[in-house]
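Below is one structure; the comments refer to it alone.
Computed from the coordinates by the stated procedures, all read-outs in this text should not be read as laboratory data. A quick note: this is a predicted structure, and the numbers were derived from the prediction, not measured. All Cβ positions, glycine included, derive from the backbone under ideal geometry; neighbour counts span all protein chains shown.
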Amino acid sequence: MLHNSNPQTFLEHKPQAKIGQYNYVYVAPTSSCGLGLFTVRALKAGSIALQVCDRRYFAAARPYAQLRLYGYTHADIFQVGSDLFLPPYGGLDDFTNHSCEPNCGLRAGPTGFNMIALRDIAAGEELTYDYSTHQEHPQEDMLCQCGAPTCRGVVRSFSTLPQALRHRYLELGVVAAFIVESEERASSTP
Ligand SMILES: [Zn+2]
């Protein structure tokens, strides 16, 4: 089904996230990045800020070229495989912005993801993650204006990050599985 280009069938695969998963987050304007996802409650480092669990979560995944035909840009879609991407699906988490100094990380699995607080987060703070932890693709055109002192300016693939930052994200367990696997393959190749 992955290569079915019928838009009607495509829409039928839209994941149905449970509304309870969104009790403590809300969407609001940010200072420089359009809308963003915010937390109602304070979060301790290591706790789950948002959990999206749906056994059909990845059913809408499509190759990059196909989603381009549907009109999505790279900034709209979420990479889940070497050439597999999820389009926006109507959940509040569609509005999660990138930051080069994020306060959250994503641990994705076959049925969705947990958004983990990487530090203590105050009520009312915007929740962000580093898109590069889930990006390994030649299309690297998303400009960043996150305002962090370490802002990289363009959101590029994980493999382009400084080694120390790659290690940090890998140790935190917030890098996409398909990237971790390709890193392991590369390091085991003589
Ligand atoms: Zn930035």
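General observations
- Helix-derived mean residue ellipticity, 222 nm - over the chain, DSSP H n ≥ 4, -39500 (n - 2.57), to 500: -5000 deg cm²/dmol
- Near A123, once Lys and Arg are set to +1 and Asp and Glu to -1 for all other residues with Cβ below 15 Å from its Cβ, the sum equals 0.
- Centre separation in Å (Cα based) which lies between the range 136-151 and the range 70-115: 15
- Only Lys, Arg (+1) and Asp, Glu (-1) charged, at Cβ; the range 7-185 dipole about Cα centre in debye: 280
- Peptides ranked, highest mean first, by Cβ atoms within 10 Å: ranges 79-91, 96-108, 24-36: 96-108, 79-91, 24-36
- GNM flexibility winner over the chain from R156, R62, R119 (Cα, springs under 10 Å): R119
- Karplus-derived 3J(HN,Hα), 6.51/-1.76/1.60, for each residue of the range 97-109, Hz, glycine and proline x: 8, 7, 9, 6, 10, x, 9, 9, x, 9, 10, 9, x
- Among H167, A177, S187 the positive-end extreme of the charge dipole of the chain (Cβ point charges): A177
- Taking D76, D130, D93 as the candidate residues, the one with maximal mean-square fluctuation in a Gaussian network model of the chain, Cα springs under 10 Å, is D76.
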